[in-house]
Structures are given as C-alpha cells and as structure tokens.
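We did not get these values from a lab; they are worked out from the coordinates using the rules stated. Bear in mind that the values here come from a model prediction, so they are computed numbers and not experimental data. Note that each Cβ is placed from the backbone with ideal geometry, even for glycine, and that neighbours are counted across all protein chains shown.
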Amino acid sequence: MTHDEARDAMPLFVVDADDAETRTALLAHVAGCEACREALREYETTADALGQAVPQVRPRPELRARTLEAITGSPSPAQARPASDIHAVEPASREASRGRWAPWLAAAAALVAAVSVAGLVQTRQELADVRATVAIWQARVADAERNAQAAQTSLVGYQRQLRVMTADDLLLVSLSGVPPAASAQAKAFVSRSQNAILFTVRDLPPPPAARVYQLWAIAGGQPISAGTFVPDASGRTQLVAEVPALTERPAALAVTLEPEGGVPSPTGPSLLRARRPSSHCDEASVWYHREMSSTPQSSRRTARV
Amino acid sequence: MSLERATGAIDDRDAIRRVAAQDGLGLEALYDRYSTVVYSLALRVLRDAADAEDVTQEVFAQIWTQAGRFDPSRGVVAAWVTVLARSRALDRLRRRGPASRTVGGESALPHIPDPSPSVEWIAATAEQADAAREALSALPDEQRTAVELAYYEGLTQAEIATRTSAPLGTVKTRIRTGVQRLRDAVTRRAGPRNEA
C-alpha cells in the first residue's frame with residue numbers, strides 16, 4: 001500500500017467502515033511509517049470527537065451509586081468526600097506492586113501485537129476486546145503475585161493460559177447468546193496445537209437447579225466436550241479447557257445447558273454459539289435454537305455488571 | 001455540582017493510578033467526570049435510557065479491570081472512555097438484531113439535559129467536540145448520513161450502501177470525504193497542541 005492509498009483508507013478505518021483486506025494493508029503500512037501513524041492519530045482524534053459531539057445528557061443520579069457499588073463491591077458515599085479525605089487516601093500497595101509484573105506486561109503486549117499481525121483482529125473495536133481479555137488475565141496475574149501463597153500454583157495456570165494465547169494457530173471466536181441468554185457474550189481462544197480452549201463469558205444467567213453449562217467444539221462433524229462450568233454471581237466465567245481430543249480445527253463452538261456432571265454429547269438447548277471459527281471474527285453469527293424461541297422469559301436485563 | 005468539585009481534586013492521571021490499585025475513589029472521580037460522556041454516546045447509539053444505563057455500567061466495569069494497563073501519557077482518558085462507550089453500545093445494538101436498528105423511539109425514562117458538563121471535560125475535549133458537531137451539521141446530507149450510519153450505528157460499508165440505495169464506491173467516497181472534512185475542522189480547532 002502506498003502513502004496515498006493509506007491516507008485514503010484512514011477515514012473509513014476510524015469509523016470501522018473499511019473492508020478487511022484494506023484494513024490489513026493499512027495496518028501493515030502504518031506499522032512502518034511514522035508520518036502515516038501521525039496522520040492516523042489525527043483521524044482517530046476526529047472519530048473520538050464524533051463520540052463526544054452528541055447532545056450531552058446527564059444520567060439519572062441514582063446510577064452513580066448503583067454503578068460504583070456494583071463494581072467495587074462497597075457502598076460509595078452519596079455525597080462526595082471532603083477534599084481532605086481525598087488526600088488522606090493513599091493506595092498503599094501501588095508503588096510496591098508496580099514493576100514486578102513488568103515481564104507479564106511485555107508478554108501481553110507482544111501477544112496483542114502477534115494477534116494483530118496474524119490478521120485475527122479485524123477492527124479497532126475487536127482489538128479493544130482482545131486487549132480487554134488480556135487485561136483480565138493480567139489483573140489475575142497481578143493478584144496472584146500479591147498473594148504469595150497462591151502465586152506458585154496460580155502462575156503455572158497463567159503460564160499455561162499465556163502459552164495457549166501465544167500459540168501460532170490461535171483462533172479468536174466470538175460467541176453470541178440466544179434467548180434466554182440473549183445478553184451473553186463470549187470469546188474463545190482456540191489452539192489446536194495446544195489442544196486447549198481459553199474461554200471467557202459474561203452476562204450468562206445462572207443455570208436452573210441441577211444443571212450446568214457445557215462447552216463444545218464441533219470438529220469432524222462430532223461434538224467434543226470441553227468441560228462444564230457455572231458462571232459466578234455476576235454471570236462471568238473464565239476457564240482454560242484442556243481438550244486432548246481437539247486434533248483438528250473446529251467448525252463451530254457451542255455452549256449448551258446440561259445435567260450436572262456433563263454429558264458425552266449435547267442434549268440440551270444451545271445458548272451460545274459461533275459458526276465457522278476462522279480468522280474473520282465477524283463471521284461469528286448468532287444461532288437461534290428453535291426450542292428456545294417459545295421461552296417467554298427474558299433474561300436480557302437480569303445480569304448486571 | 002458538588003460532586004464534580006470534590007472529586008475534581010483528583011486529576012485524570014491520578015484517578016487512573018488509583019483505579020489500577022483498585023481504589024474506589026479513583027473510579028468515583030472518573031465517573032463524575034465521564035459518566036455524562038459515556039451515557040450520552042450510549043443514548044445516541046441505542047436511543048433507550050435503560051440500555052444506555054447498562055452500557056454506562058459496563059464501561060466503568062471495564063475501566064475498573066483495565067486501568068492497570070492504560071498509560072495516560074499515551075492517550076487522553078476521554079478518548080479511551082469514548083472508544084469503550086462506543087464499542088459497548090454497538091455490541092448491545094448488534095445484539096438487538098437488525099429489526100430494532102432503525103427504531104428511533106423516545107426513551108421511557110426522563111432525561112436530564114446537562115447544561116454544565118464538568119470543567120475538566122470541557123478543558124479536555126469540548127473544543128474538538130464542538131468542531132466535530134459543527135462540521136458534521138455542515139456536511140452535505142448524504143455524507144453526514146453515511147458517516148453517522150458508520151460511527152453511531154456500526155453499519156459496514158455494504159450495509160450503508162444497501163440502506164441508502166447507493167453504489168458501494170459512492171458510499172466509500174461519501175464517508176472518506178465526510179471524515180476528511182471533519183478532521184480538517186477538528187485539527188484546525190485544536191490548534192497547536194502541547195504534548196503531555
């Protein structure tokens with residue numbers, strides 16, 4: 001791609017209205033061209049200004065306490081604290097913990113770069129999603145390091161996760177929920193060479209009594225179980241599934257509702273599904289299970305962050 | 001206004017550091033400064049107050065988990081928050097499916113128009129936002145529509161072509177020309193900027 005072609009591609013790129021081929025060529029070009037990186041920064045600033053150009057509407061005041069409490073798990077003052085308190089609060093472990101996980105940061109940065117180069121990342125938005133996932137694992141690494149007793153065992157697990165996520169044949173698959181789990185969103189990082197699936201999901205409603213969710217990879221026309229799980233109270237799960245039977249690239253991934261202990265092949269309704277995992281993340285599609293279409297319950301708003 | 005003044009003592013960089021250390025006060029500061037930006041963009045995309053509230057919660061939850069790897073020197077916080085807000089709002093819009101995309105219904109909940117965005121936010125981005133708003137309204141209708149469908153509704157170039165009954169090449173030209181004009185306006189207004 002020439003400089004002129006890159007400049008032509010940028011306006012469409014920053015509003016995610018380009019095509020995958022042009023995007024790959026543009027990213028390859030700007031990676032080696034400082035002048036075009038600067039030009040791209042101007043366009044990104046422009047896109048961000050569009051986001052801030054909408055009429056400014058203040059959210060309802062109640063949302064503040066609801067949001068802060070849901071996230072931090074502790075009540076936040078309805079009134080702001082006096083300024084003296086603000087200065088009195090000093091995050092004690094901040095400086096101490098900084099630097100110790102620098103190698104992990106570097107590994108994660110390299111991971112994001114590797115994923116980009118492999119062409120798996122299709123848009124800025126998806127890049128942000130990959131970074132979000134990396135950030136979650138990073139946070140867990142940092143937590144583990146703070147907790148000396150747990151660190152040794154946890155680190156082995158995290159090293160395994162990083163090995164999966166840095167595998168040459170890594171596939172990123174997005175899964176979308178179908179009713180009654182319509183709000184559920186999941187990402188799976190699949191490596192055939194590592195025989196493993198790293199899976200994260202959010203906004204998945206709790207399963208009914210005596211039922212669990214089961215993750216499946218469909219390969220060679222056969223469903224292969226990747227284990228069972230129950231999401232936490234906030235509807236989230238993060239797991240690494242060791243799947244020795246995963247010897248070829250899966251054609252689809254799915255999550256079904258099954259009896260406790262799991263089953264050898266799926267029997268329950270499929271609640272999350274992506275077809276044709278490929279390098280094109282946006283091919284993941286919603287799969288609507290007919291049996292579920294008559295379910296009157298809507299869980300769209302039951303799982304709050 | 002008292003909320004903004006009190007947590008306003010914490011600047012963006014300090015707030016991000018505090019959030020990275022899981023200090024709730026940092027999150028309060030970011031919420032007081034940026035919740036209107038996040039909520040307003042989500043409301044523009046989703047046109048539903050309840051959904052926009054959910055998105056606001058998701059965005060601040062994401063900030064809580066990701067602040068540790070955000071480097072404030074490499075991008076202003078407002079830009080980061082804006083990208084998160086758009087991404088989460090478009091996720092939710094896509095989950096609704098194509099049928100609801102054209103719905104522009106009024107929200108069931110009352111909106112409180114914000115006559116006084118926070119001082120910090122004005123200082124950081126309002127100039128550029130004003131420039132973008134003015135430039136957007138000055139664009140020819142077909143350019144403005146194409147840019148809005150891409151940015152606020154997350155449509156692909158092919159979907160925009162279908163929606164506006166225009167050839168693909170024409171759609172690309174409209175978006176390109178429109179965004180170029182916006183960039184001209186935004187960079188002119190921003191003027192020479194001090195790099196932090």
Summed residue charge, Cβ within 13 Å of residue A:31's Cβ, Lys/Arg positive, Asp/Glu negative: +1
Förster radius 30 Å - calculated FRET efficiency between residue A:245 and residue A:209 (Cβ-Cβ, nearest 0.05): 0.50
Potential lengthening between residue A:66 and residue A:234 on full extension [0.36 nm per residue; Cα-Cα distance subtracted]: 59.1 nm
Neighbour net charge for residue B:135 - beta-carbon separation under 11 angstrom, K R +1, D E -1: +3
Charge context of residue B:52, other residues only, Cβ under 12 angstrom, K/R +1, D/E -1: +1
Debye log10 I(q)/I(0) for the stretch A:150-252, one point scatterer per Cα, at q = 0.11, 0.14 Å⁻¹: -0.35, -0.57
For the stretch A:1-40 and the stretch A:191-226, distance of Cα centres in Å: 37 Å
Exposure proxy ranking, count of Cβ atoms within 10 Å, fewest first, for A:243, B:76: B:76, A:243
